[in-house]
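The values are calculated or read from the model by the stated rules, or taken from the named source; none is laboratory data. Keep in mind that what you see is a predicted model, and the values were worked out from it rather than measured. Cβ coordinates were reconstructed from backbone atoms using ideal geometry, including for glycine residues, and neighbour counts include every protein chain displayed.
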């Protein structure tokens, strides 16, 4: 018997370790891993210029792919900054529409010096996107959450964070 589908939302600034954890959690849950960065990179590769609109289009693309996967009964892991309420509202509405449990995981980096080092030492990204500068990350709008979230520190060992996240996403947590 298949387990009920879940929607797991990862949020956090670039360089916190969010994508690493989202990928690992998706693998362990046998879920679809959807990255806003992947869609945005595709838009930029097509010749569009980076803008608010390409970022928004990437979120909408991930939303629509997630909807198809949830409708098919698959669990989905969303990997995006999700720093503002309109982005967050998309995922709430999606979980309500498909009546699936939603779990939000906020990834932080408790050491500002290490966070900066991670951002500044990033090599070529996959997918290929222009890397933000430390100043862009530090100035990026990222509002506090107004709903329960699991916060994990990207400095902790990935396996420890993955264990905590999987426990959080268990039905007994609802």
Going through 61, 55 one at a time, which residue ends up being farther than 21 Å from residue 148 by Cβ and modelled with pLDDT of 95 or more?
61
Please indicate, with yes or no, whether at least one residue in segment 82-90 is exposed (fewer than 13 other Cβ atoms within 10 Å of the Cβ), farther than 20 Å from residue 32 by Cβ, free of Cβ contacts under 8 Å to residues at least 24 places away in the same chain and under 16 Å from the mean Cα position of the chain (by Cα).
yes
Within segment 1-26, of all residues that are within 20 Å of residue 71 (Cα to Cα) and out of contact with any strand residue (DSSP E or B) (no Cβ under 8 Å at 6 or more places or on another chain), the one modelled with the lowest pLDDT is 1
From 50, 46, 75, grab the single residue that is touching a residue at least 60 places away in the same chain (Cβ under 8 Å) and out of contact with any strand residue (DSSP E or B) (no Cβ under 7 Å at 6 or more places or on another chain).
50
When residue 38 is evaluated against the numbered criteria (1) touching a helix residue (DSSP H, G or I) at 6+ places or on another chain (Cβ under 9 Å); (2) crowded, with 20+ Cβ neighbours inside 10 Å, which criterion, by number, is the only one it fails?
(2)
By residue number, the members of segment 119-168 that are modelled with pLDDT of 95 or more, more than 16 Å from residue 19 (Cα to Cα) and part of a loop (DSSP other than H, G, I, E, B) are 149
Would you check if residue 20 is touching a residue at least 60 places away in the same chain (Cβ under 8 Å), surrounded by fewer than 20 Cβ atoms within 10 Å (Cβ to Cβ) and under 18 Å from residue 169 (Cβ atoms)?
yes
Among the residues of segment 128-150, count how many are touching a helix residue (DSSP H, G or I) at 6+ places or on another chain (Cβ under 7 Å), under 23 Å from residue 165 (Cβ atoms), crowded, with 16+ Cβ neighbours inside 10 Å and in contact (Cβ under 8 Å) with a residue 60 or more places away in the chain.
1
Scan segment 58-67 residue by residue and report those that are farther than 10 Å from residue 98 by Cα and free of Cβ contacts under 8 Å to residues at least 40 places away in the same chain.
58, 59, 60, 61, 62, 63, 64, 65
Kindly establish whether residue 41 is touching a strand residue (DSSP E or B) at 6+ places or on another chain (Cβ under 7 Å) and within 30 Å of residue 112 (Cα to Cα).
no
